[in-house]
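Enquirer: Let me begin by handing over the structure; questions about it come next.
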Amino acid sequence: MSTRQPPVTPTERILAEIWCDVLELDEVDVLDNFFEAGGYSMLMQLVRERIAQRVGIRPTLPELFIHSTIRSCAAFLDGSREEREPVSLSQERAAVPDSGDSGAGPRETDIAVIGLACRFPDAVNADEFWSNLVSGVDSVSRFSPKSIPGPGGSTRQYVPAGGLLQAPEWFDASYFGYTPREALLIDPQHRVLLECAVEAIEGAGYDPDRFPGLIGIYAGCSLSTYTEALRARQQEDGTITSWDILTGTTSDYLASRVAYKLGLRGPAANVQAACATSLYAVHFAARALLAGECDLALAGGSSVRLPAMLDNYRVGGITSPTGTCRPFDAAADGVIGGQGCGITVLKRLSEAIADGDHIHAVLRGSAVNNDGRDRAGFTAPGVRGQVEVVRAAQSAAGVAPSSVTYVEAHGTGTRVGDPIEVAGLNHAFADGKPREQPCLLGSVKGNIGHTDAAAGIAGFIKTVLAVEHGVIPPSLHYSEPNPDIDFAAGPFAVVTEPTPWAPAGLPRRAGVTARGLGGGNAHVVLEQPPAPRPRAGTTRGDQVLVLSAHTPAALDELTARLAGRLADRPELELRDVAWTLQAGRRQHTYRRYAVVRDRADALRVLGGDAPQRLVTGDHARDGRAVALLVPETADAEVVRHWKALGLDPDLTLDPDCGDAELAAALDTPGRLFLHTGDSGLAARLRKHPKWTPEHLVVTATDPLAALGELWLAGLPVNWAAAHSEPVRRVPLPGYPFQRQRFLVEAGPATPPPASASPAPDAGLDTEQTVSMVFTELLGLPDVDPGDSFFDLGGDSLVATLLVARLGELLPVELEERSMYLAPSVRELTALIEERMRDSAVRHG
């Protein structure tokens, strides 16, 4: 017995005939969803024209998407039931304050945006990204047209296009302690996020190793395409395991990889919500801060496809055949794919103000939800869910819709998606209050394409920078409105040129929307940052600038970058620059410091005009013992002063001490002696037979230079005690990564070798064999026989492979713990040869 429900009313019968004709079906059920029955957006446009011809009513595309069954659409057209408003306006108005005034000061739920980092097409950092946005740069790459088969034997042309990153396969493996082999096995979108995470937290002015609280991370990425290349290589290289591929490319390990390499001890959670992923991550990070689960939170997303692939156009798909994304425009014909990565650092606003952080913007509220079944199909957007998420975010923010003067929309540039989104925004912003000027509307996808898992954070970073700088960038490729967008029904107008942003009587306040295939919706409300607390007049005291890097080349580049920033930003106060460098940067082996008087002096010294004042060293070491050299009548206050600056001396020597005491002090390797007024004692130490080049003497004649020398030697310095006036963190140039190319390129798989365990070259001795396996599994060209396997980047997983490989090549049985007992080539060789001798004796 058939359970199909045939059309009943005249309008239902007309619609059934239209559907059967357009979808080429014999019959349809009045409860079938148009899109699940085989329809798509272009066919829906044809349905609309047929309805206009036969019924005399021309519904909008959003209305047809909302009423996507024959019964629902017929009832809508007949007016037999009132269209239910997506959310009760009266209820929502009651929940939102009437005033958009922010004069009451920070709320306990406000979150500060204190750090930003990104890599998008044509932009390697947030400064370049902002410059491109304000200048209206189209960063999409376009290629020669291609042809595809069309209906009736015809051909159609399309322009392949995409927003592509420059050299995303280049990575500073050494900075993160990865061997070349390990770096090759990690998906580039993971690597790019790692570097951006370092840049973001440094941009916020914090060193995770010295941060007193918990730092969390919420992040997501796109489906890995790098997996395919690794699977193909695995057929040729038996050392690549499925575990390597799983941990190196799967999104499950994205956030935890960052937490491990940066030393973050708060929540580390992967987030997946399709195109809304990274804005979901921002929401979850903010909630974690408010719940007290962490004290600093990173949030973002990454989408890098390697080998780079452009979305192929197909009739009825969402990809633009013209190679241009035109959000809200009459000529809009689809999306353009893009690559990118973005990450932000969030902190509770009250604490950010108290700690003197640079605040880019305030996140006042956020919300996430799903459209559920209330939409045309699984991949189709809905209206009701969007209205609810926007209003929920505004309610959490405590703001009226009329106080929001810019919205960064999802804005994909599809013929149907944009009208549906604007219809939802019109409902959400209908608070009945007058506006002196329209709410401006834009989408970053016209600039860089749709960056998938990084799309939400791209719009977020754009809007954060807009509320900070007071300028709204243009939304590209808009000339006349999409006729299916009812702009007259709402407050919105697309921004087409860089627009100064200073709403009368209101703070700069914006909404950011992200929507994901599958029905995910996210919305956040951002506001301009509070004015910094006033301070006393500009200080004229000397400052010590400290710089460190993982390599000498990076240290030189970092020095040049700092000089460039001081030259470009004369408003930066030197005390703030010094404090940010001292407290907000990871401390590396290669170090440099300079004591400078003012900005002009700093530029002269950093530029190399006074090389003797730019002091460099590579002798930093942890755990140095310290002895104070004091005059006969030592001032207790002097001793307390140096202890307050972070020194923890275990010895105090005065001029009366004997050679035995000096010898005992020099017995400690690398001991540092800080002399506070007796150069004769320092001279005695240098002449003593036990003095070595590892020992150091630092004079305290110039206190700031002494601090620089102590820091150069690797001693912890309490920099806060060195500043007598309030200081702030300021954005400074990011770390200059020294990248190399790491890319496994997909190719035809070749059969694996006949023997996965070849015999060693007869000419190799034991040490040479061990060295060969070290280089093979660590991906290094050579290794020093005395270097530890773990210092070279090895870990327990690679150690397991290494001992198994040696067991295949040499007549010895090893356990993984052997690598901990004998971690270097030389030590492991000795252990192996000892066991081989023991075995020969037992079997002799």
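The values are calculated or read from the model by the stated rules, or taken from the named source; none is laboratory data. Everything quoted here is computed from the prediction, not taken from an experiment. We place every Cβ from the backbone using ideal geometry, glycine too, and count neighbours over all the protein chains shown. Just so you know, the surface numbers come from the protein's heavy atoms only, side chains and all, with ligands and any DNA or RNA stripped out. Shrake-Rupley method; radii C 1.70, N 1.55, O 1.52, S 1.80 Å.
Enquirer: For the range 1-50, place one equal point scatterer on every Cα, skip the solvent, and apply the Debye formula. What is log10 of I(q)/I(0) at q = 0.23, 0.25, 0.32, 0.33 Å⁻¹?
Expert: For the range 1-50, the Cα-only Debye profile gives -0.85, -0.98, -1.38, -1.42.
Enquirer: Here is a follow-up. Straight-line reach from LYS643: which lysines have Cα under 16 Å away, leaving out those fewer than 8 places along the same chain?
Expert: Leaving aside lysines fewer than 8 places away in the same chain, none come within reach of LYS643.
Enquirer: Given the whole protein assembly as supplied and a 1.4 Å probe, what does the accessible area of VAL315 come to in Å², nearest 10?
Expert: Solvent-accessible area, nearest 10 Å²: 50 Å².
Enquirer: Let me ask something else. With a probe of 1.4 Å, find how much accessible area the chain has per residue, and write the answer as a whole number in Å².
Expert: Per-residue value: 42 Å².
Enquirer: Another question about this same structure. Any chance you could list P(r) for the range 283-328, counting all Cα-Cα pairs in 10 angstrom bins from zero, rounded to whole %?
Expert: The distribution over the range 283-328 is 20, 25, 20, 23, 13, given as percents.
Enquirer: Another question, then. Give the accessible area for ILE353 in Å² (nearest 10); use a 1.4 Å probe, count only protein heavy atoms, and leave out ligands, DNA and RNA.
Expert: 40
Enquirer: At 20 °C and 1.002 mPa s, grab the translational diffusion coefficient of the range 429-568 from Stokes-Einstein with a Kirkwood Rh over Cα pairs, rounded to a whole number in µm² per second.
Expert: 112
Enquirer: Quick one: check the C-alpha center-to-center distance for the range 416-462 versus the range 809-844, whole angstrom.
Expert: Value for the Cα centre distance between the two parts: 66 Å.
Enquirer: Another question, if that's okay. In whole Å, what three semi-axes, largest first, describe the equivalent ellipsoid of the range 583-713 built from its Cα gyration tensor (square root of 5 times each eigenvalue)?
Expert: Working: eigenvalues 157, 55, 40 Å².
Listed largest to smallest, the semi-axes of the range 583-713 are 28, 17, 14 Å.
Enquirer: Is there a pair in LYS146/LYS462; LYS347/LYS462; LYS261/LYS445 whose C-alpha atoms are over 28 Å apart, and which pairs would that be?
Expert: Checking Cα-Cα distances, LYS146/LYS462; LYS261/LYS445 exceed 28 Å.
Enquirer: Still on this model: Extending each Cα 7 Å along its Cβ direction at ASP650 and ALA502, get the distance between those two points in nm, one decimal.
Expert: For ASP650 paired with ALA502, the spin-label model returns 6.2 nm.
Enquirer: Order MET42, MET772, MET819, most accessible first, counting only protein heavy atoms with a 1.4 angstrom probe.
Expert: MET42, MET772, MET819
Enquirer: Another one. Quote the Stokes-Einstein diffusion coefficient, in whole µm² s⁻¹, for the range 323-402, based on the Kirkwood radius over alpha carbon pairs, a temperature of 20 °C and a viscosity of 1.002 mPa s. Walk me through the numbers on the way to the answer.
Expert: Numbers: Rh = 16.6 Å.
Estimated diffusion coefficient is 129 µm²/s.
Enquirer: Among residues other than PRO649 whose Cβ falls under 12 Å from its Cβ, what is the net charge (Lys/Arg +1, Asp/Glu -1)?
Expert: +2
Enquirer: Using a 1.4 angstrom probe on the protein heavy atoms only, line up LYS347, LYS146 by accessible area, largest first.
Expert: LYS146, LYS347
Enquirer: Give the accessible area for VAL783 in Å² (nearest 10); use a 1.4 Å probe, count only protein heavy atoms, and leave out ligands, DNA and RNA.
Expert: We get 20 Å² for VAL783.
Enquirer: Turning to a different aspect of this structure: For the modelled label position 7 Å from the Cα of SER724 along Cα-to-Cβ, which residues of the range 556-595 have backbone nitrogen atoms closer than 19 Å?
Expert: 574-579, 595
Enquirer: Can you tell me what percent of all Cα-Cα pairs in the range 204-312 are more than 19 Å apart? Intermediate results must be reported in sequence, preceding the final value.
Expert: On the way: 3086 of 5886 pairs.
When all Cα pairs of the range 204-312 are counted, 52 percent exceed 19 Å.
Enquirer: In nanometres, what is the gap between the two model label sites at ILE148 and GLU49, each 7 Å from Cα along Cα-to-Cβ?
Expert: 2.0
Enquirer: Taking the chain as the reference, fit the longest principal axis to its C-alpha atoms, fit the long axis of helix 766-778 to the helix C-alpha atoms, and give the angle between the two in degrees, 0 to 90, nearest 10.
Expert: Taking Cα atoms only, the helix is inclined about 30 degrees.
Enquirer: When a/c reaches 1.5 or more, the comparison of a/b and b/c decides; with that in mind, is the range 660-753 rounded, prolate or oblate per its Cα gyration tensor?
Expert: Numbers: a/c = 4.80, a/b = 1.71, b/c = 2.80.
It comes out oblate by the Cα gyration axes.
Enquirer: Between 0 and 90 degrees, rounded to the nearest ten: what's the tilt of helix 796-809 against the longest Cα principal axis of the chain?
Expert: Its long axis makes an angle of about 70 degrees.
Enquirer: Considering only the other residues whose Cβ falls under 15 Å of the Cβ of GLY317, what net charge follows from Lys and Arg at +1 and Asp and Glu at -1? Walk me through the numbers before you get to the answer.
Expert: Details: positive: LYS146, ARG156, ARG314, ARG415; negative: ASP311, ASP333.
Net of charged neighbours comes to +2.
Enquirer: What ratio of Cα Rg to 2.2 N^0.38 Å holds for the range 360-440? Write out the running numbers ahead of the final one.
Expert: Working: Rg = 13.3 Å, N = 81, 2.2 N^0.38 = 11.7 Å.
In units of the 2.2 N^0.38 Å rule of thumb, it is 1.14.
Enquirer: Let me ask something additional. What's the whole-number percent of alpha carbon pairs in the range 479-556 lying beyond 17 angstrom?
Expert: On the way: 2319 of 3003 pairs.
Distances greater than 17 Å cover 77 percent of the Cα pairs.
Enquirer: With Cβ to Cβ distances under 13 Å as the rule, what net charge do the other residues near ILE57 carry (K, R +1; D, E -1)?
Expert: The answer is +1.
Enquirer: Taking the Cα centroid of the range 331-373 and of the range 650-691, what is the distance between the two, rounded to the nearest whole Å?
Expert: The range 331-373 and the range 650-691 have Cα centres separated by 56 Å.
Enquirer: Next question. What share of the DSSP beta bridges in the chain is antiparallel, in percent to the nearest 5?
Expert: Beta bridges within the chain, antiparallel portion: roughly 65 percent.
Enquirer: At a Förster distance of 41 Å, what's the computed FRET efficiency of ASP782 paired with VAL315, Cβ-Cβ distance as r, to 0.05?
Expert: With a Förster radius of 41 Å, E is 0.15.
Enquirer: For ASP622 and GLU767, calculate 0.36 nm times their separation in residues minus their Cα-Cα distance, and state this gained length in nm to one decimal.
Expert: Answer, rounded to one decimal: 49.0 nm.
Enquirer: For the chain, what is the mean residue ellipticity at 222 nm derived from helices alone (per DSSP H run of n ≥ 4: -39500 (n - 2.57); sum divided by total residues; nearest 500 deg cm²/dmol)?
Expert: For the chain, the value works out to -10500 deg cm²/dmol.
Enquirer: A further question follows. Each label point is 7 Å from the Cα along the Cα-to-Cβ direction; what then is the distance between the points at SER796 and ALA663, in nm?
Expert: In this crude label model, SER796 to ALA663 measures out at 4.6 nm.
Enquirer: Ignoring ligands, DNA and RNA, please state the percent of accessible area on the chain from carbon and sulfur, probe 1.4 Å.
Expert: Working: 18150 of 35410 Å².
Of the solvent-accessible surface of the chain, carbon and sulfur hold 51 percent.
Enquirer: Which angle from 0 to 90°, rounded to the nearest 10, does the C-alpha axis of helix 825-843 make with the longest principal axis of the chain?
Expert: Result, in degrees: 80.
Enquirer: Sticking with this structure for a sec: Rank these residues by their accessible area, most exposed first, probe 1.4 Å: HIS675, HIS843.
Expert: HIS843, HIS675
Enquirer: For a quick size check, give me the Cα extents of the chain along its three principal axes, largest first, whole Å.
Expert: 112, 82, 46
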